[in-house]
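The values are calculated or read from the model by the stated rules, or taken from the named source; none is laboratory data. For clarity, every value in this text was computed on a predicted model and none was experimentally measured. Heads up, the Cβs are rebuilt from the backbone with ideal geometry, glycines too, and the neighbour counts pull from every protein chain shown.
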């Protein structure tokens, strides 16, 4: 990992857009600071396309895509995305309604299985806004010990589901997408960017384990300083790292991109 100052001018000028995580990247302990929000507007005003790529629910994405200066929001770790459509938004789900319903029933059975095996594990307070996954709170409003997180993971695996963990939530899903595949699909279908070139012309900024596919899949990647806590869960670390954490680190990344352009 290199400091932000190592970002080259040609690399910065070659970017068409920036993909970014929400929790503990743009958000600081769940709060959107003035510096981070101003950074988004500065990037947008400079002509960069912005896409949020998050483990948060599609219900959140529908709000953010309406109110933030972004082209859309890839949610639920890549499974569902929301795109601006005129004055409103549209939700895109790769699953048809019948298959989505079947997967929701399997997730409900998994929730009951976890409730019996790890009764202290609590679902997140945003779970009702989700479409493709379920989530347990491991670090947002409560901190679940690592051995109990591991116990939930065992139940998820035994049910044949996939799991991923952010800085705040543990996710379970029967979908095959991750943040990188969802982001590339958004860029291709909604922004007209070929998948191969999207991985070069769009940078990614993040902080945690469920950002690993994007750190590995995109050529230009940034971490806020708190990404160092997740290095053991990243097969490929971000290329550049900010000196500050969370929203302040995101503002620092934005300023360096704009300076180099």
Inset, instruction - Considering each residue of segment 232-251, count those that are out of contact with any strand residue (DSSP E or B) (no Cβ under 9 Å at 6 or more places or on another chain) and not in a loop (DSSP other than H, G, I, E, B), and give that number. - result: 2
Legend entry - Filter result for residue 102 (without any contact (Cβ under 8 Å) to a residue 40 or more places away in the chain, part of a helix (DSSP H, G or I) and surrounded by 15 or more Cβ atoms within 10 Å (Cβ to Cβ)): no
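On the basis of being touching a strand residue (DSSP E or B) at 6+ places or on another chain (Cβ under 7 Å), crowded, with 17+ Cβ neighbours inside 10 Å, in contact (Cβ under 8 Å) with a residue 60 or more places away in the chain and farther than 23 Å from residue 10 by Cβ, does residue 211 make the cut?
no
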Inset, instruction - Could you pull out the residue among 94, 39 that is buried (at least 19 other Cβ atoms within 10 Å of the Cβ) and in contact (Cβ under 8 Å) with a residue 24 or more places away in the chain? - result: 39
Legend entry - Residues (without any contact (Cβ under 8 Å) to a residue 60 or more places away in the chain, assigned to a helix (DSSP H, G or I) and buried (at least 18 other Cβ atoms within 10 Å of the Cβ)) located in segment 154-201: 155, 156, 184, 198, 199
Inset, instruction - Given the conditions (1) over 25 Å from residue 92 (Cβ atoms); (2) touching a strand residue (DSSP E or B) at 6+ places or on another chain (Cβ under 6 Å); (3) in contact (Cβ under 8 Å) with a residue 40 or more places away in the chain, report the number of the one that residue 124 does not fulfil. - result: (1)
Legend entry - Single unsatisfied condition, residue 151 versus (1) outside the structural domain of residue 6 (by TED's automatic domain parsing); (2) crowded, with 22+ Cβ neighbours inside 10 Å; (3) modelled with pLDDT of 95 or more: (2)
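For segment 30-85, which strands (runs of 3 or more DSSP E) that fit wholly inside it have 2 or more residues that are on the phi > 0 side of the Ramachandran plot and either modelled with pLDDT of 95 or more or in the same structural domain as residue 211 (by TED's automatic domain parsing) (or both)?
On the way: elements: 49-53, 72-75, 80-85.
It comes to none.
Which one of 176, 108, 90 is under 25 Å from residue 71 (Cβ atoms) and more than 18 Å from the chain's Cα centre (by Cα)?
On the way: 176 fails: more than 18 Å from the chain's Cα centre (by Cα); 108 fails: under 25 Å from residue 71 (Cβ atoms).
From the options 176, 108, 90, the qualifying one is 90.
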